[in-house]
Structure formats: C-alpha cells, structure tokens
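As structure tokens, the structure follows; a few thoughts come after it.
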Amino acid sequence: MFIPFALPELGEEEIEEVAEALRSGWVTTGPKTKQFETSFSEYIGDGVQTIAVNSATAGLHLALEAIGIGEGDEVITTTHTFTATAEVVRYLGADVKLVDIDPVTMNIDPEAIRKVITPKTKAIMPVHYAGLSCDMDTIFDIADEFGLKIVEDAAHALPTTYKEKLIGSLRSDVTVFSFYANKTMTTGEGGMIVTKSQLLADRMRVMRLHGINRDAFDRFRSEKPAWYYEVVAPGFKYNLTDIASAMGIHQLKRLPKFLKRRQYLAKRYFDALTDLPLILPAKAPEGDIHSWHLYVLRLKENAPMGRDELIQFLADRKIGTSVHYVPLHRHPYWRDRYNLTAEMFPQSDKAYQAMLSIPLYTAMSDEQQDRVISALREALL
Ligand SMILES: *Cc1c(COP(=O)(O)O)cnc(C)c1O
C-alpha cells in the first residue's frame, strides 16, 4: 500500500552470488571485487582504472588525498549537494568554497566557480545533480585556465553521458560513483573510483587499505606464503568486501535495463504532469543520457499549496517523497564555519524551498506511479 520514495531491485542472481561468496570462505576483498572492478572498467571504457571502495564518500576522500589536497588549500563545489561532497575536503584540513547553481539544470554554475577562485584554489568538484551532467566543457576550460584539478562526484550519474561520452570517461582527474542503497545500482554500501591516471590509481590503491604498498588483495591468489608487506603511509580502511561486490557484478549487468525503466517512468511523469503548476526537471541535451536517479519537482508560485503541505498531502496518501537537498549553506556546520547566508546562494535557496523528489525507481510498478500522478493532480489542479 505504501509507496516508498526509493527501493533497490535485487534479484536471484545477486542472492546466489552473495551466497557463493559466503560459501567460498572469502568474504572480504578478493576475486569478486577484482571481477567487479574489471567489469566496471569495461563498462566505462577507454581503459580506465577502477578501484572499488566501501562508499563514494571514501572514494572522494581518496581522490582528494591523491591529487594532493591539504591544509591551506581550497576546493570549490556546489551548495546544492549532499554533505559528503564537501566533508571530505575538511577531512584533509582544506577549506570548501560553496557556490550557487544554474536555476535550469540545478548543477553548479560555472560562472560562479570563476568568481571564487583564489591562489589557494586547487580543485573543483562538480556534482551531476539528479543524473544530469554538469556543463563539463566550461568547467574544463576554467580548470585549464587556472591549473585546477577536477574530481567528479558522480554519485547520481550512472549511467550519464556528456556529449555522448559516459561520465567516468571524460578528462577529469578522478570520478567517483556511489552504490548506496537508493542509487541507480547498489551494493548496499559501496562506491567505485575511476581514473585514467596510473599515478593517482596507484596512490588510491595504497591508501584504500592502510597504506600498504603492494596489492594485499592479491593474497587470495597466492599459493606461496605472502606474509610480508610494507606500510608507506597512514592509509585508510576503505576496501569493498566480496559480499558487496557479488551484488555489484549483477547490478552492473542489469544497468541497461534499469536505465530503460527509469527513462520510461520519467517520460510518464513528464507526460502526466505538464499541465500542473510545476517546474519539471531539465532534460539531457539531444543524444545524451540522463540517469534519472532523481525526479525533482519545483512548485510554481501560483501552486495551490506549498512544498511542505504537498509533502504532507502525499504522505497522507501513503506516498514517500524526499528533498534533495537541504543545501549545505543551511546546515549549522557549513553555515557557521563559513558565515553563509541564503542570500549568497539565491538560486539554490529558491529551488530548495520549492522542491520535492517523487518516487522513481525500477521496482516501481506503472500502477504505483499512476497513484503518485493522481495524488499530484488532485493536490495541484
Ligand atoms: C549518495 C551521495 C554521496 C555519498 O555516497 P555514499 O556511497 O553513501 O558515500 C555523495 N554525493 C552525492 C551527491 C550523493 O548523492
């Protein structure tokens, strides 16, 4: 009866592969993780390096560490994101420069990036909001002009394309995907780091597991005693288990089907909601892929009820919703650390006050979606 906001779709193949991992006795990082990394690299193409981690947050942390972010540095990202994007900058003692969004795409506004660059700026972290690619050419131009690194937060962007190339295969330094439970594919918790740089990949592999200087994961292959290792840095504990990778192997195979289903549901929402007092989400340019991780509505000023009231109206009809996001400038930690006010981010703040995300996931039936549509029409017509 209740339509949740999001739900993963895990099948018998995942269950069987997880059971096999359990039966095999190798439950931590091992052969299934290697297989998952290889499949993911083949999926993205261009011979990219892949490093499986236990969350996208871990991946973003490793990426910033590898490109050399540290105390005294500044990293630019959008205020309209999940706190994970920004918190990893603080892990390394560097500072975050938050900027406003483009009101149409809700992605980071490249012109706003330009305005906050200082001699301390080292990197830009674009977030492909809801699954729509950022304006990457403009961001690459800015990065080239000022000698900045780029780490893409692609937590929403699997699969998303920019100018017909998959996110993950562009010329950024590092791209990080998330396999959290509500993302477009899941391993329960997990993430994948993608890079074309051998140097960065080597550093991130070492730092993923305690700063150990050889691939300790290969122990599962070793017939001979393989007890000797050296610690070369105070690394982290960010490796992905084979139990999680077992899910990932099959989720990745399902991804084309998942995308088709999400595209189908998104189209149904567009068709059914156009005449309501709503700003519907921006679509990808012709020829490009929007992953449709999120379907975000914004109420127009002439709507008969406000956002909070609409969320309650839907909740009363047993329909789950969410808000992506309470922008970072509104959270006490970020607000107080950087003396941020809503006036500094007019587009993000205005969008936040009018927005809600409605259910869109592969396991959702047409009938369930019809219920969401009917409720919205009842509320807003
Ligand atoms: C989900 C998410 C993350 C964090 O992913 P985890 O795998 O949960 O660490 C980071 N950034 C954005 C934009 C996200 O939506």
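Since every read-out is calculated from the coordinates, none of them should be taken as a lab result. This is a predicted model, so every value here is computed, not measured. Note that each Cβ is placed from the backbone with ideal geometry, even for glycine, and that neighbours are counted across all protein chains shown.
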Counting only residues that are farther than 13 Å from LYS149 by Cβ and either more than 9 Å from the ligand (Cβ to nearest atom) or hydrophobic (A, V, I, L, M, F, W, C) (or both), the range 171-186 contains a total of 7
On the basis of being without any contact (Cβ under 8 Å) to a residue 40 or more places away in the chain and within 12 Å of the ligand (Cβ to nearest atom), does GLU145 make the cut?
no
Residue pairs qualifying under the 6 Å Cβ cut-off, at least six apart or on distinct chains, with the first in the range 166-182 being in contact (Cβ under 8 Å) with a residue 40 or more places away in the chain and among the small types (Gly, Ala, Ser) and the second being part of a loop (DSSP other than H, G, I, E, B) and within 15 Å of the ligand (Cβ to nearest atom), are SER178/ALA155; ALA181/PRO8
Selection from the range 230-276 of residues surrounded by 15 or more Cβ atoms within 10 Å (Cβ to Cβ) and in contact with a strand residue (DSSP E or B) (Cβ under 7 Å, 6 or more places away or on another chain) yields GLY235, TYR238, ASN239, LEU240, SER245, ALA266, TYR269
Return yes when ALA315 is of a type in the set (Gly, Ala, Ser), under 29 Å from PHE179 (Cα atoms) and in contact with a helix residue (DSSP H, G or I) (Cβ under 9 Å, 6 or more places away or on another chain) and no when it is not. no
Of the residues in the range 3-33, those that are on the phi < 0 side of the Ramachandran plot, out of contact with any Phe, Trp or Tyr (no Cβ under 9 Å at 6 or more places or on another chain), part of a loop (DSSP other than H, G, I, E, B) and small (Gly, Ala, Ser) come to GLY11
The helices (runs of 4 or more DSSP H) lying entirely within the range 79-149 that contain at least 3 residues which are in contact with a Lys or Arg (Cβ under 8 Å, 6 or more places away or on another chain) are 136-146
Picked from the range 155-174 (must be in contact with a helix residue (DSSP H, G or I) (Cβ under 8 Å, 6 or more places away or on another chain) and under 19 Å from TYR295 (Cβ atoms)), the residue surrounded by the most Cβ atoms within 10 Å (Cβ to Cβ) is ALA157
Residue set ARG330, ARG335; condition closer than 25 Å to GLU87 by Cβ, free of Cβ contacts under 8 Å to residues at least 12 places away in the same chain and surrounded by 14 or more Cβ atoms within 10 Å (Cβ to Cβ); output residue ARG335
